[in-house]
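Below you'll find the structure, written out as structure tokens, and then a few comments.
The values are calculated or read from the model by the stated rules, or taken from the named source; none is laboratory data. Since the structure is predicted, the reported quantities are computational estimates derived from the model, not experimental observations. FYI the Cβ positions are ideal-geometry reconstructions off the backbone, even for glycines, and counts take in every protein chain you see. Protein only, heavy atoms only, side chains kept; ligands, DNA and RNA dropped before computing areas. Shrake-Rupley method; radii C 1.70, N 1.55, O 1.52, S 1.80 Å.
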Amino acid sequence: MGESGFAAAVREARASGRRLWDLTVSNPTRCGFGYDADALLRPLLNDQALTYDPNPRGLVSAREAVAEYYAGHRAQVGVDDLLLTTSTSDSYSYLFRLLCDPGDEVLVAQPSYPLFDFLADLDDVRLKPYPLFYDHGWWIDEAELERAITPKTRAVLVVHPNNPTGHWTGAAERARLEAICEQHGLALIVDEVFLDYPLKRSPAPRSFACGDHLVLTFVLSGMSKIAGLPQMKAAWIATLGPKPDQAEALARLEVIADTFLSMNAPVQLALRDWLRGAGKIQREILDRAHGNLAALQRIAAEERGRLQVLEAEAGWSAVISLPASVGDHECAERLLRERGVVVHPGSFYGMGEPNRVVVSLIGWAEEFTQGIRRAISSSVNDEVR
């Protein structure tokens, strides 16, 4: 798949040296947060890393650290329920190999992150969308989900909270999802990388690792979001569910993991310290996200309906509907060309609505506010208020 026209336009605009207001910045290591270099790098200097001790599931000490993280979320996840990977992308690939033969299907929400399409293609798996719809908040269209199930369907994939909509799956939705999966013999794959970033105070997000598991359930997360460390390449799969199904899945996952060898030792040995220290960077990221979301909502209130901010419950992104004057489905490209504002088009995530775009909430506050005001100004020459 080649570069899209919009991606090429962004690349060319950046290369030109032109002043841009980039509202897509989502790499936390480039957003000015206060990482403690000593606290992050010192744990890597562990003499135990000089010994090669391959374990396809990951070092016991590292898995104990992950189990401790889930205990902080009031979830009972055992060390033997866990398997470490180098990224959630790897986790997906492991699970697609585990659950699917070539041509089998996995149901995935739309809107959602387009990376899934590439991962599925690499593993010869077909993704079928089920809709999230917006009605004073985002909801899973459970009837459409069930209609999408075919004899080749093997799993339902849920991003909890969803990226980019910020929808998290409530208790009632979870119960209905599990009932559908149980009825049709499907596994449940749950991506929880944004779980620690609620944008509303209540109800608190609850991990799918909590509670009883009626169906085979795989809960994915990692350090990319939990500690804002995408460069450290540390993630995991928690495998839960009825004991016979869980045992078989874990045994087969171990074979897959052993084929690709284990995560590097220094990172595994540092994992406990990183997880225990993640709260500081989480608070900084959350403060930035809350501040930018509040600024966005204030601007929307000033604009008296010209700008709509869709409800989001968690995560680092916001979905907004821009004024009709900005353009139609190509509004993101027009904003870039005419106003120097970089946003993600909604179509990037599978949205079909005109003027719907996605912005990151973790960029620099001043740049964020200026970029939003510039995006909705009636003229590119309007002064940024």
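Laid out as a table, the results:
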quantity	calculated
Computed helical MRE - 222 nm, the chain, DSSP H runs ≥ 4 contributing -39500 (n - 2.57), nearest 500	-11500 deg cm²/dmol
Residue with peak Gaussian network fluctuation, the chain [Cα springs, cutoff 10 Å], from LEU44, LEU271, LEU186	LEU44
Counted charge near ASP90, where neighbours are those whose Cβ lies closer than 11 Å (Asp, Glu -1; Lys, Arg +1)	+2
Nearby lysines by direct alpha-carbon distance to LYS280 (threshold 21 angstrom, same-chain neighbours under 8 apart not counted)	LYS200, LYS225, LYS233
³J(HN,Hα) computed for each position of segment 127-138 - Karplus, 6.51 cos²θ - 1.76 cosθ + 1.60, integer Hz, glycine/proline x	8, 10, x, 10, x, 9, 10, 10, 8, 6, x, 9
Within a Gaussian network of the chain (alpha carbon springs, distance under 10 Å), most fluctuating of ASP245, ASP47, ASP90	ASP47
Under the Karplus curve 6.51 cos²θ - 1.76 cosθ + 1.60, θ = phi - 60°, whole-Hz ³J(HN,Hα) for segment 147-164, x wherever Gly or Pro sits	5, 6, 6, 10, x, 9, 6, 10, 7, 10, 9, 10, 9, 9, x, 6, 10, x
Amide hydrogen neighbours beyond the local backbone of TRP21, cut-off 5 Å, H modeled	VAL341, VAL342
Sparsely packed trypsin sites (Lys or Arg not before Pro) within segment 258-347, loop by DSSP, other Cβ within 10 Å at most 13	ARG304
Of LYS225, LYS243, LYS128, the one that fluctuates the most in a GNM where the chain has Cα springs shorter than 10 Å	LYS243
Accessible area (Å², 1.4 Å probe, nearest 10) - GLU330	110
Heavy-atom accessible surface of the chain: percent carbon and sulfur, 1.4 Å	51
Cut-off under 5 Å, modelled amide H: who pairs with VAL159 long-range	ALA109, ASP191
SER221, SER89, reordered so the largest accessible area comes first (probe 1.4 Å)	SER89, SER221
Rounded accessible area per residue of the chain, 1.4 Å, Å²	45
Proximal lysines relative to LYS152, as straight alpha-carbon distance under 30 Å, when same-chain residues fewer than 8 apart are discounted	LYS128, LYS243
Cut-off 15 Å between beta-carbons: net charge of the residues surrounding GLU68, Lys and Arg +1, Asp and Glu -1	-1
Centre separation in Å (Cα based) which lies between segment 1-70 and segment 345-375	22
In order through segment 65-78: 3J(HN,Hα) via Karplus (6.51 cos²θ - 1.76 cosθ + 1.60), integer Hz, x for Gly, Pro	5, 5, 4, 5, 4, 5, 4, x, 9, 6, 10, 9, 10, x
Rounded if a/c under 1.5, otherwise prolate or oblate - segment 202-275, Cα gyration tensor axes	oblate
Loop-resident sites, segment 123-158, for trypsin sites (Lys or Arg not before Pro), counting at most 14 other Cβ within 10 Å (DSSP)	LYS152
Size of electric dipole in segment 1-83: Cβ of Lys, Arg +1 and of Asp, Glu -1, about Cα centre, debye, nearest 20	540
Whole-number percent relative contact order across the chain, with pairs defined as alpha carbons under 8 Å at least 6 apart	24
Accessible-area value, ASP53, 1.4 Å probe, nucleic acids and ligands omitted, Å²	100
Residue order for HIS167, HIS184 - accessible surface, 1.4 angstrom probe, largest first	HIS184, HIS167
